[in-house]
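A short write-up of the structure that comes next.
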Amino acid sequence: MGRAEDDEPPPKRVKVSSRKLGDLSKSTLLTDPASCSLNDLMARPLVCQGDDEVIGAKGVVKKVEFVRIIAEALYSLGYNKAGARLEEEAGIPLQSAVVKLFMQQILDGKWDESVATLHNIGLMDEKIVKLASFEILEQKFFELLDGKKVMDALKTLRTELGPLCINNDRVRELSLCILSPSQQVLTGMSGQDVVRPKSRTKLLEELQKLLPPTVIIREQRLIHLVEQALDLQLDACRFHNSSVGEMSLLTDHQCGRDQIPSRTLQILQDHSDEVWFLQFSHDGKYLASSAADCLVIIWEVKLDGLFCVKYRFSGHQKPVSYISWSPDDHQLLTCGVEEVVRRWDVESGECIHIYEKNGLGLISCGWAPDGNRILCGVTDKSISMWDLEGKELECWKGHRTIRISDLGITSDGKHVVSVCKDNMILLFGWESKAEKVIQEDQTITSFVLSTDNKYLLVSLWNEEIHLWDIEGTAKLISKYNGHKRSRFVVRSCFGGLNQAFIASGSEDSQVYIWHISSGELVETLAGHSGTVNCVSWNPADPHMLASASDDHTIRIWGLNQVKMKHTDTVSNGVHYCNGGT
């Protein structure tokens, strides 16, 4: 859920952080800050009716906090009179008198007074006081420079900012502005720009983020809580798989099972042997499949959702076990079983180049993110990198890979992922040379990276699929089971809206789908008559899933309620494609 931004408000709609003195005065104060000293304000703590009173069935919501959040929401929406009336009627002010005085001093540019008030707000953390003071005095410094008061700015830098000892590097960077007071942007010692002064309203917003929420309530806090509640409802929804439609605050969110692709919409029958691998292009417009018949087929996804053959790639002498789309989807790598890797042009259907190593076979392939280099696993357990013309750029020897045709390259180009031992996955940086290892208790049969490079899905010999978080130190975060595997390699994939699901093939001829967060098995798809070797979820359509089977077919799965409009259908609504172009 994206956070909604306010449209430009009309003149009478102003936010709390940008309220002028007249707007601030509309909210009820227990005392008038202009009519009493700072000591008087500090002597009168924030007095609220029923400080300890809780509301709601669970007894966890404090009434005072709830009312203050509602008041802030009213002011943020521009309903100043309603906000002031709520404060007055509830006897619960949004901000204490001293905090309101502090906010007004910031907006008025009374820097010395605001720093003095800050020290008397009652903050327990001295570091926060210093950080906030630094922000205020930095604004004072810049405004003095803009007013051509260079000596006063220098005095502020030396006698006020420097003695805080909170950010010495920043102080040195600010000193550059003294040397070039008219230059709007300077490059600081850290390499970042030293930006000229921000608006006072922006300063106040940053101070609101810095100070504890008990002192100043965060802007749009109520909206944030509501968005958080909606996100939690989405996370709890086991079938949420559509961005169509809006969530309502008036009802709890709940999707039905009909959001999961579970109906066979089309059966593709152009392969003459077991279909081993398939993968959608990144834009979802094509599907590539490979089989034991040594053939690779490119299928085009039409606007009506039906598939037709675009090209048949022949040339491999052995069954084709792996496919990898180029980052721009214009080219395709195909790998025969311990044979060669071929690079194809998707538009022309021509084989552009063949990659091979004398006396050795290639077992896996993948693209560098720039699309100008390819990587291949080799039968001698090394990984080689070539340029597009076939010049070997680098070869990492040793136990870098075994004879499993999976190879992952993170989209930032920093890491290569491979199975280096039967039960071990290696993540190594080809530039940093850093290595990270994931060790399983069982033999690994296949793996796949998530598109955001944060997660790794590992299929194991013991009929389990493990989800690993590979950011930082690798952590096993979830396990999935229920599918069958005893003899063959069956592959799994991420998919659905925001990759909220996991799908896997199975030796019992079915496709299994789990909800990634809960681990719940949400759907089992029957239809194939042989082992389902591989599955691929369309990255551009969360309602489209493809599966490849030993029964020589590919099934395209979609939503139950979809009514296909086409010719050459059979009575169950399934469209068969055999040789269509």
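Ordering Lys58, Lys421 from largest to smallest accessible area (1.4 angstrom probe), what's the sequence?
Numbers: Lys58 180, Lys421 105 Å².
Largest to smallest exposure gives the sequence Lys58, Lys421.
Would the range 279-437 count as rounded, prolate or oblate if I go by the C-alpha gyration tensor, calling it rounded below 1.5 in a/c and otherwise prolate when a/b exceeds b/c, oblate otherwise? Write out the running numbers ahead of the final one.
Values: a/c = 1.84, a/b = 1.55, b/c = 1.19.
Here the range 279-437 falls in the prolate category.
From the C-alpha coordinates alone, can you work out the Kirkwood hydrodynamic radius of the range 55-149, in Å? Mind showing how you got there, number by number?
Values: mean 1/r = 0.0640 Å⁻¹.
Every distinct Cα pair counted, the radius reaches 15.6 Å.
Sort 530-543, 507-520 for me by packing, meaning the mean count of neighbouring Cβ atoms within 10 Å per residue, highest on top. Present the calculation step by step, with values, prior to reporting the outcome.
Working: 530-543: 21.6, 507-520: 19.4.
Going by the mean number of other Cβ atoms within 10 Å, highest first, we get 530-543, 507-520.
Place the peptides 346-356, 271-281 in order of packing, highest mean first, counting for every residue the other Cβ atoms within 10 Å and averaging per peptide.
Numbers: 346-356: 14.0, 271-281: 21.9.
So the order, starting with the most tightly packed, is 271-281, 346-356.
Tell me the per residue accessible area of the range 195-326 using a 1.4 Å probe; a whole number in Å² is fine.
Values: 6130 Å² over 132 residues.
Using a 1.4 Å probe on heavy atoms only, each residue of the range 195-326 averages 46 Å².
In the range 225-278, what percent of the accessible surface is made up of carbon and sulfur (1.4 Å probe, ligands and nucleic acids excluded)? Don't skip to the end; give the middle numbers.
Working: 1460 of 2950 Å².
For the range 225-278, the apolar C and S fraction of the accessible surface comes to 49 percent.
Under 12 Å Cα-Cα from Lys391, which aspartates and glutamates qualify once same-chain neighbours fewer than 8 residues away are excluded?
Glu356
Sort Met151, Met103 by accessible area with a 1.4 Å probe, largest first.
Details: Met151 135, Met103 0 Å².
So the residues, ranked largest to smallest area, are Met151, Met103.
Under 23 Å from the Cα of Lys454, which lysines turn up, not counting those fewer than eight places away in the same chain?
List returned: Lys414, Lys421, Lys433, Lys436, Lys475, Lys479.
Lys285: which lysines have alpha carbons under 17 Å from its alpha carbon, excluding same-chain residues fewer than 8 sequence positions away?
Counting by Cα, and skipping residues close in sequence, Lys285 has these lysines nearby: Lys302, Lys310.
Taking a probe of 1.4 Å, how large is the accessible area per residue of the range 341-419, in Å²?
Values: 3250 Å² over 79 residues.
It amounts to 41 Å² per residue over the range 341-419.
Between the range 205-220 and the range 88-121, how far is it from one alpha carbon centroid to the other, in angstrom?
Answer, in whole Å: 12.
What's the carbon and sulfur percent of the range 345-500's accessible surface, probe 1.4 angstrom, rounded to a whole number?
On the way: 3120 of 7010 Å².
That share works out to 45 percent.
What are the semi-axes of the equivalent ellipsoid for the range 215-259, taken as the square roots of 5 times the Cα gyration tensor eigenvalues, largest first, in whole Å? Write out the running numbers ahead of the final one.
Numbers: eigenvalues 142, 19, 13 Å².
They are 27, 10, 8 Å, listed largest first.
The values are calculated or read from the model by the stated rules, or taken from the named source; none is laboratory data. Bear in mind the structure is a predicted one, so any value in this text is a computation, not a measurement. We place every Cβ from the backbone using ideal geometry, glycine too, and count neighbours over all the protein chains shown. Side chains included, ligands, DNA and RNA excluded: accessible areas come from the protein's heavy atoms. Shrake-Rupley method; radii C 1.70, N 1.55, O 1.52, S 1.80 Å.
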